[in-house]
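Below: one structure, written as structure tokens.
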Amino acid sequence: DTRGAVAALAKARASGDRAAEAWALLALGEAQLAGGAFPKAEETLRTALAHMALIEDYPGTTRTLVKLGLARRAAGDEAGAQAFFEEARTLDRSLGEPVGVTDELQRQGLTD
């Protein structure tokens with residue numbers, strides 16, 4: 001639901017909580033992706049990715065990379081999708097796989 005995600009983002013920004021803002025951006029990007037607004041979702045997810053990096057939230061970064069891969073796939077860019085998926089897998093492995101990206105991507109049939 002994009003309205004709920006937009007409201008959560010506004011609340012996070014008003015509070016000055018950078019982590020909450022990063023996660024609210026991710027939620028908004030996910031909602032946009034689910035609603036078929038692929039270019040807007042990618043834009044929002046790229047902003048979320050930058051915020052995740054600023055706060056050094058690596059599991060959040062990993063999740064955002066996966067969602068960016070899904071946005072690229074929805075846009076018809078399979079090579080771009082795979083690049084994001086690989087970046088997510090690499091980061092997740094370096095962290096000891098707290099997100100379980102490799103298993104999740106394989107389970108969903110999203111990797112080569």
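The values are calculated or read from the model by the stated rules, or taken from the named source; none is laboratory data. Because the structure is a prediction, the values reported are computed rather than measured. Quick reminder, even Gly has a Cβ in these numbers, built from the backbone with ideal geometry, and neighbours come from all protein chains shown.
A few remarks follow.
- Residue within region 72-95 that is without any contact (Cβ under 8 Å) to a residue 60 or more places away in the chain, assigned to a helix (DSSP H, G or I) and within 20 Å of V6 (Cβ to Cβ) present: no
- Subset of region 23-45 that is part of a helix (DSSP H, G or I) and surrounded by fewer than 15 Cβ atoms within 10 Å (Cβ to Cβ) - its residue that is nearest to the chain's Cα centre (by Cα): E43
- Total residues in region 53-112 satisfying the condition of being farther than 27 Å from A20 by Cα and among the polar types (S, T, N, Q): the figure is 4.
- Residue within region 63-71 that is within 19 Å of A10 (Cβ to Cβ) and modelled with pLDDT of 95 or more present: no
- Looking only at region 60-89, and only at residues there that are within 15 Å of the chain's Cα centre (by Cα) and surrounded by fewer than 17 Cβ atoms within 10 Å (Cβ to Cβ), the one that is farthest from P39 (Cα to Cα): E86
- Criterion violated by L95 - all others in (1) closer than 20 Å to Q108 by Cα; (2) in contact with a helix residue (DSSP H, G or I) (Cβ under 8 Å, 6 or more places away or on another chain) satisfied: (1)
- Only one entry in A12, A20 is more than 23 Å from D92 (Cβ to Cβ), assigned to a helix (DSSP H, G or I) and not polar (S, T, N, Q), namely A12.
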